[in-house]
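The values are calculated or read from the model by the stated rules, or taken from the named source; none is laboratory data. Remember, it's a predicted structure, so these values are computed and weren't measured experimentally. So basically every Cβ, Gly included, is an ideal-geometry build from the backbone, and we count neighbours across all protein chains shown. Ligands, DNA and RNA are excluded from the accessible area calculation, which covers all protein heavy atoms including side chains. Shrake-Rupley method; radii C 1.70, N 1.55, O 1.52, S 1.80 Å.
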Amino acid sequence: MTHLEELVRSPFARLNTLLEDTPPGATPLNFSLGEPHTVLPPFVQPVLEEHLAAFGKYPPIRGIPALREAIGGWMARRYPALEGTVDPEMHILPLNGSREGLFSAIFPARARKSHVADPVVLIPNPFYQVYAAAAAVAGTEPVFLPSGPQSGFLPDLDAIDETILRRTVALYLCSPSNPEGAVASRDYLAKAIALARRHDFLLFADECYSEIYCDAAPPGALDVAHACTGSLANVLSFQSLSKRSGLPGLRSGFIAGDPDFIEAYFRFRNVACPQVPIPIQHVSAAAWADEAHVEAGRAFYRANFEAADSILQGRYGHAQPPGGFFLWLNMADFGGGEAAAKTLWKGCGVKVLPGTYLTKPQSRQANPGLDFVRLALVHDEETTREGLARIVATLG
C-alpha cells in the first residue's frame, strides 16, 4: 500500500475489514454511513422531467444563470448582511457536490503560492479524507491539527506555529464539524479569517452541515468575513445539497467567496473538472429556492436527537451537538472505538465507525479518535430508537 493509499484509505473499507469475520448478532442496522434517509423533496421529479432533453447538451462552465441566482438568493436569505454583496457572476461556481470542490480547489490554491517551496495544508483532526487526499496529490504537506474536547472539537488556532502559518496554502475548517458536530462561533471564524489574511492563505470553509441544527443556525464564514472588513478575500464557502436537502445522489453543490480565487478556479475547472448536468442544475435551483423541505429535514433530525437524549441519558459522554447529524461517543470504558465497534456488531448487529478511521495519530500525542465511535442519525426515528436501545442493552 502506498503512502497516499494509507493516508486516504476509505474508513468504510476499513470497517468492512474489521468486521468481515464477525457475524452480526441481530438484523444489521447501519449507523456508520452519513447517507440521509429523509423524504425526497416533491419538486425533484417534475423539474427533472421538464428538463430531461438538456442531458443532450454540454453544461456551461459557470452554471446556468437560474442556478447561480438561486444560490445567491439563498445566501442573502440565510445571511442577510450578504444581500447585495454576493454577485452570482463573480462570487459563485456550481460544483459536482462539495467533495469534488474540496478536492480540486487545492490546485489553484497551491498555484497562487507557487513561491512557497515547502507548502502546507492545515487539516482538522478528525478529518474528512478528501482534505488529506487533496493535500497529498497537490504536493503539499498535510499538517493535522488536534480537534479534541480540550479545544471544543475545533482546531486550536492559537497553537499553530508561525513558521507553519507562513508556509500554509489553505486551512480546511468544517463547521458544524464532522464527526463531532461542533460549531465555530463568529469570534472563532473571525480569528481564522484574520490568520488567513495575515499569512495570505485560503480558508476553505466546509459548511455542508450548516442547515442541520436543533436550535441556533450556525454562523457562516462569508458572513463573518464581510462583517470584519467588507471583503470576501481569502475566504471560500463550500456547500452541498446532499445534507441540506437530503439529495446525496444529486451530486450538486457550490463554492462561493473570494472573487479573485473564484475566477482562477473557474479557469482551472474549465479544463480539469466535471460540470453539473443542466437538468441537475435546474433541480438544484429549485432546491436552493425552497426552505420547506429543509425545515422538514431539520424536524427529522431533531426527533432523532431527542430519541438519543432520552435513550442514552448521558451515557458514553453523549451531549446533543449544536449541528450536524452525528453522535461522537466515548467508548474508552469498552476498549476504545475499534473494540466497541466489534462488540456492537457481534452483540446486536449495529454498525458504527471507529474514531481512529477518521483521524491521524498526532506526533507525541494520542490519536484523538482512539476512544470514540461515530454514529450517523440518518434513519427514521423508529430505527434510530431501536439501534440506540440495542447499543445500551449491549454495553450497559
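For this structure, a couple of remarks:
- Number of residues in segment 35-68 that are open to solvent by less than 30 Å² (accessible area, probe 1.4 Å), assigned to a loop (DSSP other than H, G, I, E, B) and either within 12 Å of Leu247 (Cα to Cα) or among the basic types (Lys, Arg) (or both): the value is 2.
- Residue that is surrounded by the fewest Cβ atoms within 10 Å (Cβ to Cβ), among those in segment 313-326 that are within 15 Å of Ala182 (Cα to Cα) and in contact (Cβ under 8 Å) with a residue 12 or more places away in the chain: Gln320
- Per the listing Val169, Val143, the residue uniquely among the β-branched types (Val, Ile, Thr), open to solvent by less than 10 Å² (accessible area, probe 1.4 Å), assigned to a strand (DSSP E or B) and more than 25 Å from Val352 (Cα to Cα) is Val169.
- Count - residues of segment 88-106 that are part of a helix (DSSP H, G or I) and not acidic (Asp, Glu): 8
- Taking segment 327-356 as the range and being open to solvent by less than 10 Å² (accessible area, probe 1.4 Å) and either closer than 14 Å to Cys214 by Cβ or of a type in the set (Ser, Thr, Tyr) (or both) as the test, only Leu327 passes.
- Scanning segment 6-30 for residues that are over 30 Å from Ala134 (Cα atoms) and either touching a residue at least 24 places away in the same chain (Cβ under 8 Å) or open to solvent by less than 30 Å² (accessible area, probe 1.4 Å) (or both) returns Thr22, Pro23, Pro24, Gly25, Ala26, Thr27, Pro28, Leu29.
- When Leu203, Leu189 are checked against the criterion of being assigned to a strand (DSSP E or B) and either farther than 21 Å from Phe372 by Cβ or more than 16 Å from the chain's Cα centre (by Cα) (or both), Leu203 stands alone in meeting it.
- Checking Pro179, Pro279, Pro274 one by one, the residue that is under 18 Å from the mean Cα position of the chain (by Cα) and not aromatic (Phe, Trp, Tyr) is Pro179 and no other.
- Annotation: of all residues in segment 313-366 being of a type in the set (S, T, N, Q) and assigned to a helix (DSSP H, G or I), the one that is nearest to Pro36 (Cα to Cα) is Thr356.
- Among the candidates Pro155, Pro179, residue that is under 30 Å from His37 (Cβ atoms) and modelled with pLDDT of 95 or more: Pro179
- Taking the criterion of being in contact with a helix residue (DSSP H, G or I) (Cβ under 6 Å, 6 or more places away or on another chain) and open to solvent by 10 Å² or more (accessible area, probe 1.4 Å), the only residue of segment 359-369 that qualifies is Asn367.
- Selection of segment 187-217 for residues being on the phi < 0 side of the Ramachandran plot, touching a residue at least 40 places away in the same chain (Cβ under 8 Å) and open to solvent by 30 Å² or more (accessible area, probe 1.4 Å) yields Tyr213, Asp215, Ala216, Ala217.
- The residue of segment 367-388 that is farthest from Glu180 (Cα to Cα), among those that are among the charged types (D, E, K, R), touching a residue at least 60 places away in the same chain (Cβ under 8 Å) and in a helix (DSSP H, G or I), is Glu386.
- Check on Ala109, of a type outside the set (Phe, Trp, Tyr), farther than 21 Å from Asp260 by Cβ, in contact (Cβ under 8 Å) with a residue 60 or more places away in the chain and in a helix (DSSP H, G or I): no
- Within segment 79-93, residues that are small (Gly, Ala, Ser) sit with their Cβ atoms under 8 Å from residues that are open to solvent by 30 Å² or more (accessible area, probe 1.4 Å) and not in a loop (DSSP other than H, G, I, E, B), at 6+ positions apart or across chains, in these pairs: Ala81/His226; Ala81/Ala227.
- Scanning segment 122-140 for residues that are in a helix (DSSP H, G or I), of a type outside the set (Gly, Ala, Ser) and open to solvent by less than 20 Å² (accessible area, probe 1.4 Å) returns Val130, Tyr131.
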